[in-house]
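Asker: If you scroll down you'll find the structure; I have some questions about it.
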Amino acid sequence: MLRYFLKRLLSLALSLVVASIVIFLALEVVPGDPAAYMLGINAQEDTLAALREQLGLNGSLIERYAGWAGGMLHGDFGISYTYRTPVAEMIGERLWISLPLALFALCLSTVIAFPAGIWAASKRGSVVDVVVMGVTQLGVAIPNFWFAMLMVLVFAINLRWFSAGGFVGWDAGFLLAMKSLTLPAVALALPQASILARVMRSSLLDTLSEDFIRTARAKGLSKRQALWRHALRNALIPVLTIIGLQFSFLLAGAIIIENVFFLPGLGRLVFQSISARDLIVVESVVMLLVFAVIVVNFAVDMAYAIVDPRLRGRR
Amino acid sequence: MKLLNIRTGLISVLALAASVGMAQAKSDIVVAMQLEPPHLDPTSAAAGAIDSVLYSNVFEGLTRFGADGAVNPGLAESWEISSDGLAYTFKLHGGVLFHDGSTMDAEDVKFSLDRARAEDSVNAQKALFAGIESVEVVDPLTVKVTLSAPNGSLLFNLAWGDAVIVAPESIENIKTNPVGTGAFKFANWVQGDKIDLVKNDAYWGTPAKLDKVAFKFISDPTAAFAAVMAEDVNAFVGFPAPENLPQFEADPRFQVLVGSTEGETILSTNNKMPPFDNVKVREALAHAIDRQAIIDGAMFGYGTPIGTHFAPHNPDYVDLTGMSAYDPELSKKLLAEAGFPDGFKTTLKLPPPSYARRGGEIIAAQLRAVGIDAEISNLEWAQWLEQVFKGKDFGLSIVSHTEPMDVGIYARPDYYFQYDNKSFQLLMEELNATTDPAARSALLKLGQKIISADYVNGYLFELAFPTVASAKVMGLWKDAPTQATDMTAVYWAE
């Protein structure tokens, strides 16, 4: 187990270093001058030079990479070019929306997908199975931003149950804050739940046709008992993989949904920063997301080991 | 079961919140706009969004723009101009306090103007202060500004958001905590979401009628529509989806104000790049364009046709649209005379706003009809600034020039469209040196005619400024003479 753990940890660290170099270089070659963007079309050349100096844009590539990467090691992400506030602070604020939103959506997705997938698998070919498969097919096909707009139309504009977007802030109380995240979370969760339910179903069906299930049935377990005691646990590995991928996607990929609901989350921050060429913010947020993806994958790897003892011994 | 309880609890909490909200008298407002300010210092960035939130509300200058675009007294209650036009003596209002409680006096004015024109200044409109030779404190309420040459636009220049008076001790944190003299104080900024202003009870002038103003930033046009429809916001200034305006007009809950702006939307033409260095080609371009079709197609009918680089609502505007009437046959003839009977290929580089992206498609089609093949590329603003504005690597582009009274850019041969006409440059010099209103008006009219006759750029339309608001909100500016959302006179009707 320890060996497995260390190996994974080493690959985690390597991935981070490589990612930071790639991100930095990729963004440095993006054309566009942040100073010119800020000062607009009437700016004079000497004014631009003064601002570039202020922003520290004049150093060499290596100097700037070292400054950025070195700072990150002790939690200092630098100062945003446009906002002139510490990037770490900005990211922290946005995380308070993006992280709960991603978790909320993931919970919804899991809560919907597990019963649906298990139910469909246990009653293969029945009406239930057909309905679950049909609905999830639709859920995968519908673009989530379209579904989001539809929900806004129904629940915000017509029924007035929710506001059309925005975030009231955690100061307004947990329930109100969660309420303002509900529509976005549902919009995000729908396609994820559909995918997850389908994976759950097919994985469970595969497991149910394995020899050890037949053996279990032969030992006298009912179909239901065999499913809950033996099949489910074995069917979980692909499901865990998908959940891990989904969490990273939900954290990083909510840009469009954040725009539809004008939520001040991480996605929106990246979006604004790219157009303003606030590269230090873009680099740091992307790095953070990469970090999140890698750590989640690491956690999923660890979870495999718990679910499947065979992996622990593997070289 | 537990889940059900939480839901019931949630609903009752919401109902309670709603009823509390209803009982309050309306003295606060939520105003939405598309763009969020990058920071809160109007004196060190070009972003119009900074002025949209802070101009007149939080920060004031010596002079200020009124709703009609006129230059009115601001922190200066009066001024005297010496007979040679070189010295302006401003008399300041007494008893003006900054929001931090300190007194605003002549020292602060000197500090602000000197900071804007200093060597290491990062003021985006530094040219506004170029002619100022010195700023002297005569007494605590009197400031004397001396110019190196007469400048008829000084009072106008000082009304810009880039020329507001700031407190020296606030500079260090001005980008996140702006301290001004206005009728509203800055309260809070949730980045990416909103900025709150509260009433300044110690205001020197007419106090604001609202206690609280929240500016919310909603960039997506669909989200903007939903937010107004759901009445999450009370007003949306610069509403981004003109196609939805008729729906709001038909709804008694809302009022729609379509005002004018200082945004001349032009088909920018690279005057130094062949074949556009030939005036005949530029004339052919002008006649190939059907303005009304662009206004209808790209702006859903909102916009005023222009024939020169000047705002139609300005009293000095001359209607020259006839000079470049839509006439594709004439356009083809001119192209043939210029040596391009079969047309030519060029580039059309478009920045992100919808007037450019949508308008660009229509213009490309219109140009194709006379044989000009304009290859469209869509750019982000930062790319546009680099390639088109700085690099001058373009044939055509579409941009709205939103600075007020900016016809002077035609006197700068190194400006991105590279128009170099000595007589126009002399005319602008003369204009700068003229203070007599009648003479200025005559010069401005002549200038408009020169650039129109030279077909420097394709003149399309003046950008409209749509505001959608609750029918009960009164006192909003209809027009946008500068990028401001002046909330000082806004109130709720009963």
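Asker: Of the residues that make up the range B:61-68, is at least one touching a strand residue (DSSP E or B) at 6+ places or on another chain (Cβ under 8 Å), open to solvent by less than 30 Å² (accessible area, probe 1.4 Å), touching a residue at least 24 places away in the same chain (Cβ under 8 Å) and among the hydrophobic types (A, V, I, L, M, F, W, C)?
Answerer: Checking the range B:61-68: at least one residue is touching a strand residue (DSSP E or B) at 6+ places or on another chain (Cβ under 8 Å), open to solvent by less than 30 Å² (accessible area, probe 1.4 Å), touching a residue at least 24 places away in the same chain (Cβ under 8 Å) and among the hydrophobic types (A, V, I, L, M, F, W, C).
Asker: Which residue, of A:LEU175, A:LEU188, is touching a helix residue (DSSP H, G or I) at 6+ places or on another chain (Cβ under 6 Å) and more than 14 Å from chain B (Cβ to nearest Cβ)?
Answerer: Among A:LEU175, A:LEU188, only A:LEU188 is touching a helix residue (DSSP H, G or I) at 6+ places or on another chain (Cβ under 6 Å) and more than 14 Å from chain B (Cβ to nearest Cβ).
Asker: Select from the range B:190-219 the residues that are within 14 Å of chain A (Cβ to nearest Cβ) and assigned to a loop (DSSP other than H, G, I, E, B) and write down the one among them that is surrounded by the fewest Cβ atoms within 10 Å (Cβ to Cβ).
Answerer: B:SER219
Asker: Still on this structure, please answer the following. Could you list, in sequence order, the residues of the range B:461-484 that are touching a Pro at 6+ places or on another chain (Cβ under 8 Å), part of a strand (DSSP E or B) and either free of Cβ contacts under 8 Å to residues at least 24 places away in the same chain or of a type in the set (A, V, I, L, M, F, W, C) (or both)?
Answerer: Listed by number, the residues that qualify are B:PHE461, B:ALA464.
One line per residue, one yes/no per condition, for (1) within 11 Å of another protein chain (Cβ to nearest Cβ); (2) within 25 Å of B:GLU107 (Cβ to Cβ); (3) hydrophobic (A, V, I, L, M, F, W, C):
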{"residue": "B:ILE29", "(1), (2), (3)": "no, no, yes"}
{"residue": "B:ALA32", "(1), (2), (3)": "yes, no, yes"}
{"residue": "B:LEU40", "(1), (2), (3)": "yes, yes, yes"}
{"residue": "B:ALA46", "(1), (2), (3)": "yes, no, yes"}
{"residue": "B:VAL58", "(1), (2), (3)": "no, yes, yes"}
{"residue": "B:THR63", "(1), (2), (3)": "no, yes, no"}
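Asker: If you don't mind, there's one more thing I want to ask. Please find, among B:ALA149, B:ALA124, the residue that is within 22 Å of the chain's Cα centre (by Cα) and assigned to a loop (DSSP other than H, G, I, E, B).
Answerer: Just one listed residue meets the conditions, B:ALA124.
Asker: Still on this structure, I have one more. Taking the residues in the range B:183-212 that are touching a residue at least 40 places away in the same chain (Cβ under 8 Å) and among the polar types (S, T, N, Q) as candidates, determine which candidate is nearest to B:ILE29 (Cα to Cα).
Answerer: B:ASN200
Asker: Within the range A:253-315, considering only helices (runs of 4 or more DSSP H) that don't extend past its boundaries, which have at least 3 residues that are within 10 Å of another protein chain (Cβ to nearest Cβ) and open to solvent by less than 30 Å² (accessible area, probe 1.4 Å)?
Answerer: Where helices (runs of 4 or more DSSP H) fall fully within the range A:253-315 and carry at least 3 residues being within 10 Å of another protein chain (Cβ to nearest Cβ) and open to solvent by less than 30 Å² (accessible area, probe 1.4 Å), they are A:255-260, A:266-275.
Asker: For the range B:88-117, which positions are in a strand (DSSP E or B) and within 30 Å of B:PHE310 (Cβ to Cβ)?
Answerer: B:TYR88, B:PHE90, listed by residue number.
Yes or no, residue by residue, for (1) open to solvent by 20 Å² or more (accessible area, probe 1.4 Å); (2) closer than 26 Å to A:ARG224 by Cα; (3) in contact with a strand residue (DSSP E or B) (Cβ under 9 Å, 6 or more places away or on another chain); (4) not aromatic (Phe, Trp, Tyr):
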{"position": "A:SER109", "(1), (2), (3), (4)": "no, yes, no, yes"}
{"position": "A:ALA113", "(1), (2), (3), (4)": "no, yes, no, yes"}
{"position": "A:ALA121", "(1), (2), (3), (4)": "no, yes, no, yes"}
{"position": "A:GLY125", "(1), (2), (3), (4)": "yes, yes, no, yes"}
{"position": "A:VAL131", "(1), (2), (3), (4)": "yes, yes, no, yes"}
{"position": "A:GLY139", "(1), (2), (3), (4)": "no, no, no, yes"}
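Asker: Further question: Report those helices (runs of 4 or more DSSP H) wholly inside the range A:1-69 carrying at least 3 residues which are touching a residue at least 24 places away in the same chain (Cβ under 8 Å) and either of a type in the set (Lys, Arg) or within 14 Å of chain B (Cβ to nearest Cβ) (or both).
Answerer: A:2-28, A:34-39
Asker: Filter the range B:229-264 down to the residues that are part of a strand (DSSP E or B) and within 14 Å of chain A (Cβ to nearest Cβ), then identify the one that is surrounded by the fewest Cβ atoms within 10 Å (Cβ to Cβ).
Answerer: B:PHE254
Per-residue answers, yes or no, for (1) among the aromatic types (Phe, Trp, Tyr); (2) free of Cβ contacts under 8 Å to residues at least 24 places away in the same chain; (3) within 21 Å of B:GLY69 (Cβ to Cβ):
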site	(1), (2), (3)
B:PRO404	no, no, yes
B:THR435	no, no, yes
B:ALA438	no, yes, yes
B:LEU446	no, yes, no
B:TYR459	yes, no, yes
B:ASP486	no, no, yes
B:VAL490	no, no, yes
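Asker: Ok, one more. Looking at the range B:330-352, can you tell me whether even one residue there is open to solvent by 60 Å² or more (accessible area, probe 1.4 Å), assigned by TED's automatic domain parsing to the domain that holds B:ASP420 and under 28 Å from B:GLU243 (Cα atoms)?
Answerer: No: the range B:330-352 contains no residue that is open to solvent by 60 Å² or more (accessible area, probe 1.4 Å), assigned by TED's automatic domain parsing to the domain that holds B:ASP420 and under 28 Å from B:GLU243 (Cα atoms).
Asker: Something else about it: I need the full set of residues from the range B:173-184 which are surrounded by fewer than 23 Cβ atoms within 10 Å (Cβ to Cβ) and outside any loop (DSSP other than H, G, I, E, B), in order please.
Answerer: Correct list: B:ASN173 only.
The values are calculated or read from the model by the stated rules, or taken from the named source; none is laboratory data. These numbers were taken from a predicted model, which means no experiment stands behind them. Cβ atoms come from the backbone with ideal geometry, glycine included; neighbour counts cover every protein chain shown. Ligands, DNA and RNA are excluded from the accessible area calculation, which covers all protein heavy atoms including side chains. Shrake-Rupley method; radii C 1.70, N 1.55, O 1.52, S 1.80 Å.
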